[in-house]
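*Asks:* I have a structure I would like to understand better, so I am pasting it below and will then ask my questions one at a time.
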Amino acid sequence: MSKADLIFIDNCKNILENGVWDTEYDVRPRWEDGEKAHTVKLFGLTNRYDLREEFPILTLRRTAMRSALDELLWIWQKKSNNIKDLGSHIWDQWADENGSIGKAYGYQLGIKHKYREGMFDQVDRVLYDLKNHPESRRIITNIYNHADLSEMNLYPCAYSVTFNVSGNVLNAVLNQRSQDMLVANNWNVCQYALLVHMMAQVSGLIPGTLLHVIADAHIYDRHVPLVKELIKKTPFDAPALLKDTSVTDFYSFTKDSFALEDYNYHPFDVKIPVAE
């Protein structure tokens, strides 16, 4: 039985049973019909995934791992802020007429900064430190740049990653300010689990723990009945993650570098409304 499913079920039950509704607030998000999109939420969920045990993908419903990986590579490898460089249409509603989402996500990771050792962007600095200073407690990325928030079409949700090497094991902490549990939770978990696998592989390390810290974990009002039905299902066993182990350069990974073996999942043929 997939542990990622069990964590997701526990999180959703906790939010539904113990969460706080924001119905007294004039919230920013709206549904497509213009109605306010309210949520029930919990503060400070912390989930731990041991990547040595299994790949943390939901079986309660399908998570499109290739599309999730494509977005991750768009941000971390291409360091792009233009949807024309992305294979899916998940960012279309936040792009301008030129396809730009502003100075957000990949744009921030691609800005070069001056260090004692020279000029690096945030991704290249992580890669440099993992190989040259694995003992460091300063291997951190952060894309929540206050100076550029006014020029971002969407503020970053998953905004910071802290990498930590213990022995020959690479661990990471993903910090997220906000999480739409139904739409995005497992999508982000899969993405950053894959990122740990990639960073570990090109640094000669073993992927270890992904710690996911969510400040505002919420379920939207129109998602509540969908979530209740979803968490009634019995999880399957987690699939095996297949990797192209010949890749030694982070920038050589592609969507085809990873695959899932024996990925069984429950059908969930429901169009999930997304608040804007």
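The values are calculated or read from the model by the stated rules, or taken from the named source; none is laboratory data. Remember, it's a predicted structure, so these values are computed and weren't measured experimentally. Cβ: placed from backbone, ideal geometry, glycine included. Neighbour counts: every protein chain shown. Each accessible area value is taken on the protein alone, full model and side chains, heavy atoms only, with ligands, DNA and RNA left out. Shrake-Rupley method; radii C 1.70, N 1.55, O 1.52, S 1.80 Å.
*Asks:* Could you give the dipole magnitude of the chain about its Cα centre, charging the beta-carbon of Lys and Arg +1 and that of Asp and Glu -1, in debye to the nearest 20?
*Replies:* The dipole of the chain has a size of about 580 debye.
*Asks:* Starting from the amide H of Asn81, placed 1.01 Å from N in the peptide plane, find each other amide H under 5 Å away whose residue is 5 or more places distant or on another chain.
*Replies:* Those lying under 5 Å, H to H, from Asn81 are Tyr107.
*Asks:* Could you tell me the relative contact order of the chain? Use alpha-carbon pairs under 8 Å, at least six residues apart, and round to a whole percent.
*Replies:* Once normalised by length, the contact order is 27 percent.
*Asks:* Excluding Phe253 itself, calculate the net charge of residues whose Cβ lies under 10 Å from the Cβ of Phe253, where each Lys or Arg counts +1 and each Asp or Glu counts -1.
*Replies:* Result for the neighbourhood of Phe253: -1.
*Asks:* Can you check what the net charge comes to around Ile83, using other residues whose Cβ is under 15 Å from the Cβ of Ile83 (Lys, Arg +1; Asp, Glu -1)?
*Replies:* So the surrounding residues net to -2.
*Asks:* Right, next: List the chymotrypsin sites (Phe, Trp or Tyr not before Pro) within the stretch 3-52 that DSSP assigns to loop and that have no more than 16 neighbouring Cβ atoms inside 10 Å.
*Replies:* Tyr25, Trp31
*Asks:* Also, quick follow-up: Give the carbon-plus-sulfur fraction of the accessible surface of the stretch 46-175 in %, rounded to a whole number; probe 1.4 Å, heavy atoms of protein chains only.
*Replies:* Here carbon and sulfur together make up 45 percent of the probe-accessible area.
*Asks:* Moving on to the next point. Go through Ser203, Ile101, Thr23 and say which Cα lies farthest out towards the positive end of the charge dipole of the chain; charges sit on Cβ, +1 for Lys and Arg, -1 for Asp and Glu.
*Replies:* Positive-most Cα among the choices belongs to Ser203.
*Asks:* Here is a follow-up. Compute the accessible area per residue over the stretch 103-167, keeping the other protein chains in place, probe 1.4 Å, unit Å².
*Replies:* 55 Å²
*Asks:* How large is the Rg to Rh ratio of the stretch 1-153 when both quantities use alpha carbon positions and Rh follows Kirkwood?
*Replies:* 1.01
*Asks:* Still on this structure, I have one more. Just tell me, in residue order, which DSSP H segments of the chain are both 24 angstrom or longer along the helix axis (alpha-carbon based) and at least -1.0 in mean Kyte-Doolittle hydropathy.
*Replies:* 181-202
*Asks:* Quick one: 3J(HN,Hα) in Hz for the stretch 156-168, Karplus 6.51/-1.76/1.60 with θ = phi - 60°, rounded, Gly and Pro as x.
*Replies:* Residue by residue, the stretch 156-168 yields x, 8, 7, 10, 8, 10, 10, 9, 9, 9, 10, x, 10 Hz.
*Asks:* Moving to a separate point now. Given springs between every Cα pair under 10 Å in a Gaussian network model of the chain, which of Ala104, Ala158, Ala37 has the largest fluctuation?
*Replies:* Residue with maximal mean-square fluctuation among Ala104, Ala158, Ala37: Ala37.
*Asks:* Dipole magnitude of the stretch 92-187 about its Cα centre, charges +1 at Lys/Arg Cβ and -1 at Asp/Glu Cβ only, in debye to the nearest 20?
*Replies:* My answer is approximately 520 debye.
*Asks:* Take every Cα-Cα distance within the chain, group them into 10 Å bins from 0 onward, and report for each bin the whole-number percent of pairs it holds.
*Replies:* 6, 28, 37, 23, 6, 0
*Asks:* Under unit Cβ charges (Lys, Arg +1; Asp, Glu -1), what dipole magnitude, rounded to 20 debye, does the stretch 1-72 have relative to its Cα centre?
*Replies:* That gives the stretch 1-72 a dipole magnitude of about 220 debye.
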